[in-house]
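For reference, the structure discussed in these notes is given below.
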Amino acid sequence: MSTHDDSDHGPPIFKAVSSSARQLFQLLNCIRFAPKCQVQISNEGLRFAAEESRVMQGIVFLDKALFTTFNCALPEVADDEADSVADLPNFQVSLSALLETLQIFGATEAPSARFSRSDADGYISNVRRDRPNAFSNQALGMAGICRLSYTGLGSPFGIILEEAGVITTCNLNTYEPDNPEEIPFQRDEMQVKIIMQARWLFDAISELSSTSPNRLDITASPTVPYLSLAATGHLGSASMEFGKGRELLETFSVAEKWTQSYKFEMIKAASEAMRLASKVSVRGDEQGVLSLQFMVEVEGGGVSFVDFRFVPYLREDDEDDGSEENIGSDYGNIED
Amino acid sequence: MRFKTSIRNIQTFSTSLSTLGKVAWVRLDDDSVRFTIIPETGTQVWASLSIESIFEDYTIQSAAPNNTINLELPLPPLHRALKSAINATSASIRLTKKDGVPVLSLTIITNTVSSGNSAGGFLNPANADPFGDNVFREESLDANMGREREAIVTQDIPIRVLTADSVEGIHEPRVREPDAHIVLPSLIQLKAISDRFTKLAMATSYGGARGGASSTASVPKLELAANMHGSLKLSISTDSLNISSVWSGLNNPELDPRQLDGENPENHPSAKLKAAGQDAWSTVRIDGRDWGKVLSVGRLGGRVIACFADEHALILYVYLSNFNDGVDDSVLTYYISSFSV
């Protein structure tokens, strides 16, 4: 049986046990927009990154605190952490396969609930069904155990799920890493920082998606309407303003008016995270890169973070020279 | 030629004839009812049900010995007809002729009182305002009586009556003695996992999360294996992963000596597989989607024994013994042939 072929590859360099496959699934489900994801194993946890066309990136970090045991025997860790980052085990796996596998758990309970994902845009799905359910097997402590393992370069990423009477072993083939550069976000050039309930953002995006728009303009300004989301498509346009910003937005630091446009479909790909998370930090830098950082409360206290970054559409009026100073002055003009 | 009966287990009747094929051959006689579904590809079903398990007040008469009647029955219309009978108080079936066409006429009697607001003799449902003036609208006693209406629905299913000669050549498939036989775990669980494997293979082998390919030609093949030490293994492998689920602690039932034709049980293939130890498996490859349909029979909750003829065929015996004590003559047999690698 494939469970015991560790001998071929030597002892695993990574082993972790989680008592909640559902939790891992919920977090990873936030970045399911890509067919494959990059996995990086470190002493602190597992980092899963998915990206699309280099303009959108989603990162889920599974902290070792999410696991009941977490053993990571990295081959040769250099003394200074900074240099060793490149040596961390790094590979790609099929994200869709990984997600399906994690769902095998509890496949017997309420299988229908998960097949309805396609109609997730409807009103009913506004109910946050991925929140822990008091009567799920998980909550009742009946669920089994999920073990993750990785032996080293070229070996599969193993998942073993144990549920009453059944043991499921899954070996996900690993692919060469395709280390795309992270979308750069300039923290020191940050122009917008808004912390709000992720729920508000989710509601706004699902409201706007009804007209199937293709562009989303995000405008933040220091005065009313503080934050506005405007969607434009073939059928027309719609916009949503957070006019009572002072009450709705927890943190709001916007020095001057900031407007950027993004592909609507991309922002919408983050809606699973919006649904699941409790809070979101919306940040924008001078170049228009949008960072959405979601804080997800996990069962049993603690929080996990899901990060998204988006590259904006090039603004038509600065296609000629595109220098940052000009963008800045544009804003000045608009505000005057 | 006469055939008339009431149906007593509508649920069983329709589930056991689940969606495996379009046409069934039904053989009715004095002792049993046999449904046979032989689709062009996929699983053959040979279901032999005792009369008492699905019918009552059964009358049959024909010129053939044992009052045998052979019918060719289209399943989708039957299925639809039975659906409307689910909540019926009674349903009966009769072989008759309408405009020269032989039909099975299904008469369904439904009492509408059960679906109405039986407790609502007081509250007028149209008036949603609980503080309105009409909360306790007065009604005459007669109106209440009138609620108990009977609806009679008749559904005619055109059929063909087959001659004895034409069905003579149809035989149950002959399969060699199985290498392994095992009692399957809960079919509902097995189906849930099987369906997920099938979905997994379809989603990943087409290189995208949006998978769901519609081509029927390349439905993934599940590998199902059993040993003679209580384990069942379900596995599938695709470009991006291989996955298997193993059940252990299942029961390998003892062979019935009567079925061995006096042969020494030691020489039976299953004894050899047992002697070969826990790592000796008997394997078949089956169509994931077809298998999912077969497993729908799990809703009946019977005991299921799977017999594995290595690389050859899988036979499922579904025993429906939970209707009546003492009556255990109902068995559904599914013949599934194995695909080659």
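The values are calculated or read from the model by the stated rules, or taken from the named source; none is laboratory data. Given the structure is predicted, the values throughout are model-derived calculations rather than measurements. Cβ sites come from the backbone with ideal geometry, for glycine too, and all protein chains shown count toward neighbours. Please note that ligands, DNA and RNA were not included when accessible areas were found on the heavy atoms of the full protein model with its side chains. Shrake-Rupley method; radii C 1.70, N 1.55, O 1.52, S 1.80 Å.
Of the residues that sit in the stretch A:200-219 and are open to solvent by 50 Å² or more (accessible area, probe 1.4 Å) and part of a helix (DSSP H, G or I), which one is nearest to residue A:252 (Cα to Cα)?
For the stretch A:200-219, the residue satisfying everything is A:200.
How do the pairs read when you match residues in the stretch A:1-26 that are assigned by TED's automatic domain parsing to the domain that holds residue A:102 and of a type in the set (Val, Ile, Thr) with residues anywhere that are outside any strand (DSSP E or B) and modelled with pLDDT of 80 or more, using Cβ under 9 Å and keeping only pairs 6 or more apart or on different chains?
Here the result reads A:13/A:73; A:13/A:89; A:13/A:151; A:13/A:152; A:17/A:67; A:17/A:68, each pair linking the stretch A:1-26 to a residue that is outside any strand (DSSP E or B) and modelled with pLDDT of 80 or more.
Report, by residue number, each residue of the stretch A:294-313 that is surrounded by fewer than 20 Cβ atoms within 10 Å (Cβ to Cβ), of a type outside the set (Phe, Trp, Tyr) and within 25 Å of residue A:256 (Cβ to Cβ).
Hit for the stretch A:294-313 is A:312, nothing else.
Given (1) β-branched (Val, Ile, Thr); (2) open to solvent by 40 Å² or more (accessible area, probe 1.4 Å); (3) more than 14 Å from chain A (Cβ to nearest Cβ), identify the lone condition not met by residue B:188.
Checking residue B:188 against (1) β-branched (Val, Ile, Thr); (2) open to solvent by 40 Å² or more (accessible area, probe 1.4 Å); (3) more than 14 Å from chain A (Cβ to nearest Cβ), the one that fails is (3).
Only one residue in A:244, A:257, A:279, A:263 is open to solvent by 30 Å² or more (accessible area, probe 1.4 Å) and under 18 Å from residue A:310 (Cα atoms), so which one is that?
A:263 is the lone residue from the list that is open to solvent by 30 Å² or more (accessible area, probe 1.4 Å) and under 18 Å from residue A:310 (Cα atoms).
Just the residues that are facing chain B (nearest Cβ under 7 Å) and either touching a residue at least 40 places away in the same chain (Cβ under 8 Å) or within 29 Å of residue A:53 (Cβ to Cβ) (or both), please, taken from the stretch A:164-183.
Selection gives A:167, A:168, A:169, A:170, A:171, A:172, A:173.
Look at residue B:65 and say whether it is under 22 Å from residue B:290 (Cα atoms), outside the structural domain of residue B:289 (by TED's automatic domain parsing) and surrounded by fewer than 19 Cβ atoms within 10 Å (Cβ to Cβ).
So residue B:65 does not fit the description; no.
Give me a count of the residues in the stretch B:164-184 that are open to solvent by 30 Å² or more (accessible area, probe 1.4 Å) and modelled with pLDDT of 90 or more.
0
Kindly indicate which of A:74, A:62 is at pLDDT 85 or above and either more than 14 Å from chain B (Cβ to nearest Cβ) or assigned to a helix (DSSP H, G or I) (or both).
A:62
May I ask you to verify whether residue A:36 is at pLDDT 85 or above and more than 30 Å from residue B:202 (Cβ to Cβ)?
Spelling it out, it is not the case that residue A:36 is at pLDDT 85 or above and more than 30 Å from residue B:202 (Cβ to Cβ).
So which residues in the stretch A:249-264 are under 13 Å from residue A:191 (Cβ atoms) and either under 24 Å from the mean Cα position of the chain (by Cα) or hydrophobic (A, V, I, L, M, F, W, C) (or both), if there are any at all?
A:252, A:253, A:254, A:255, A:258, A:259, A:260
Being at pLDDT 90 or above and over 18 Å from residue B:313 (Cβ atoms): is that true of residue B:246 here?
The answer is yes for residue B:246.
Which condition from (1) open to solvent by 50 Å² or more (accessible area, probe 1.4 Å); (2) in a strand (DSSP E or B); (3) of a type in the set (D, E, K, R); (4) away from chain B (no Cβ under 14 Å) is the one that residue A:188 breaks?
Failed condition: (2).
Which one of these does residue A:326 not meet: (1) at pLDDT 50 or above; (2) not in a strand (DSSP E or B)?
The failed condition is (1).
Could you identify the single residue in B:241, B:255 that is at pLDDT below 90 and surrounded by 21 or more Cβ atoms within 10 Å (Cβ to Cβ)?
None of the others qualify; the one that does is B:241.
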